[in-house]
Amino acid sequence: MAIDADRVQFIARAKEIAGTLKDSLEAGSYFVVVSHHDADGISSASIIGSALARTRARFTLRIVEELREDVLDEISQLHPDVLMFSDIGSGYLDLIKARELAKIIIILDHHPPNAGSTESILQLNPHEYKIDGARLISAAGVCYLVVRELSGFNKDLSSLAIVGALGDMQDKNDKRALIGLNEVLVEDAIASGTVRVDQDLVLYGRETRPIHRALAFTTTPYLPNLSGREDNCLALLSNSGIPVKEGDRFRTVADLSQDEKTKILDAIIGHLVSINFQTSVVKDLIGTVYTLINEPAGSPTRDAREFSAMLNACGRTDNPSVGISVGLGDRKSALQEANEVVANYRKTLAGYMEWLTNTPTAVQKLKTIWVIRGENLIQDSMTGAFSSIISSAGNLSQDHAIIVLTKSKEGGIKLSARAPAKLLKAGVNLGTALSTVAKKYSGFGGGHNVAAGAHIRVEDPSEFLENVDAALQAQMNTNASSENIA
């Protein structure tokens, strides 16, 4: 009952903020929307942008990697009447409040807020209603729940909210299904006739790519010697007696029979056993598939996971405008360009995984952390994607968090972290730890308990990493003490 009450209050707050937006729209206000550069952030900006465009509002969209003082100064020069932050902002409340940025400031986010006051800011954040923003709703979902109150016509944007949630990997649940408030989005998407939900193989490009490429392009979970290796995937399919062509046409995963799907899974299990790799990752290849049925068959925008991967690739490779164009509906030049971005992005990630496999000295082990030292190789915009792949690969023990770090193009060190379920149960909160420790190194950090990041102004991160390690140990000890008292 408590969860239901929290959900009701959360949606009521969404209606209040929608009311403010309606008043601003009627007044002819100029909107500036600032969003994060990952799939959830681009989906969020696309949802808000689509809703504003339908009212013929004047607006500007801007995608950023982080909120810095210089970024906020540039935004203030746009002189917005209404400034909206999506998928970013809750962790920067004090920085935002320190400037007169707009008459009305709205934050639609799912990251845990910092301790700053929000008296002068309209904020909708699930954590303020005891709803887990890391698992139960993403920023795209928060944005959708607001814009659907503007007009019933906006319910079709629920499909983009699903794309955002999947981009933030909120499907790490039974049958890889979205749960919690995300279920509201799915229900709306089904009711509006934009999404179909099935149980099937969850492979990247299941409707668009030849079977061997879909398998090779799958990195969640990461399959050693298969992910990024089309030649090995072709051999696996051939040895299983599964034809990759029907006449002159390459078959896709969507063309496979149930018997063929079973054969593929059995072959993957056999392959993993042969290289002494854990076979439990195979369960993540089966789950809930979300199909955007109004998108053309064969388009990368038809499968919601593939759509989210495309937006993520655009944002992480400094091509956010391409992602936004696709999110706003461009299915011509922008979609073609996005396809090229994805191909290069996947090659880069595959190259990183091969480097990591061949360079054991790049891995540093602390008491609670595996650290991937990529200062001289990894692009600073790719640390998040790379840490997610490593955490899903399972080739590092699951009793440590993973931190991928590199040199930042802005100076200092940029890093992304992921925590396994075992550490979360022990009381670890990466966002809190990174936020606290980064401040001691002239930097900032934050995020969720399971996924977080930081930017610190040092050349050598060794001492910082030791302090993060100590902070995580302290969190675990505090949690253990609490459980003993209980």
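The values are calculated or read from the model by the stated rules, or taken from the named source; none is laboratory data. Worth saying up front: this structure is predicted, and the values here are computed from it rather than measured. Cβ placement follows ideal geometry from the backbone for every residue including glycine, while neighbour counts extend to all protein chains displayed.
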Failed item, numbered, when Ala161 is tested on (1) buried (at least 19 other Cβ atoms within 10 Å of the Cβ); (2) touching a strand residue (DSSP E or B) at 6+ places or on another chain (Cβ under 9 Å): (2)
Tally of residues being under 23 Å from the mean Cα position of the chain (by Cα) and farther than 13 Å from Ala393 by Cβ across region 269-281: 0
Contacts under 6 angstrom Cβ, first residue in region 220-240 being modelled with pLDDT of 95 or more, partner of a type in the set (Val, Ile, Thr) and assigned to a loop (DSSP other than H, G, I, E, B), 6 or more apart: Leu237/Val244
Candidate set from region 249-295 (those that are of a type in the set (Gly, Ala, Ser) and touching a residue at least 40 places away in the same chain (Cβ under 8 Å)); member that is nearest to Ile190 (Cα to Cα): Gly287
Output for region 244-269, where each listed residue is of a type in the set (Gly, Ala, Ser) and either under 21 Å from Tyr222 (Cα atoms) or part of a helix (DSSP H, G or I) (or both): Ala254, Ala267
Residues that are loosely packed, with under 14 Cβ neighbours inside 10 Å, under 26 Å from Glu410 (Cβ atoms) and of a type in the set (D, E, K, R), drawn from region 445-485: Glu459, Asp460, Glu463
Verdict on Gly446 being assigned to a strand (DSSP E or B), under 23 Å from the mean Cα position of the chain (by Cα) and at positive phi: yes
Failed criterion for Glu463 (all others in (1) part of a loop (DSSP other than H, G, I, E, B); (2) free of Cβ contacts under 8 Å to residues at least 24 places away in the same chain hold): (1)
Breaking point among (1) polar (S, T, N, Q); (2) in the same structural domain as Ser35 (by TED's automatic domain parsing); (3) buried (at least 24 other Cβ atoms within 10 Å of the Cβ), for Asn182: (2)
Counted residues, region 30-68 - those being farther than 20 Å from Phe444 by Cβ, touching a strand residue (DSSP E or B) at 6+ places or on another chain (Cβ under 7 Å) and either of a type in the set (Gly, Ala, Ser) or modelled with pLDDT under 95 (or both): 4
Helices (runs of 4 or more DSSP H) enclosed by region 289-366 - at least 3 residues per element that are within 24 Å of Pro224 (Cβ to Cβ) and over 17 Å from the mean Cα position of the chain (by Cα): 333-358
Which listed residue is surrounded by fewer than 24 Cβ atoms within 10 Å (Cβ to Cβ) and modelled with pLDDT under 90, from Ala334, Ala343: Ala343
Filtered residues of region 415-439 (kept if touching a strand residue (DSSP E or B) at 6+ places or on another chain (Cβ under 9 Å), part of a helix (DSSP H, G or I), over 20 Å from Gly89 (Cβ atoms) and not small (Gly, Ala, Ser)): Leu423, Val437
Residues of region 196-214 satisfying the condition of being at pLDDT 95 or above and crowded, with 24+ Cβ neighbours inside 10 Å: Ile211
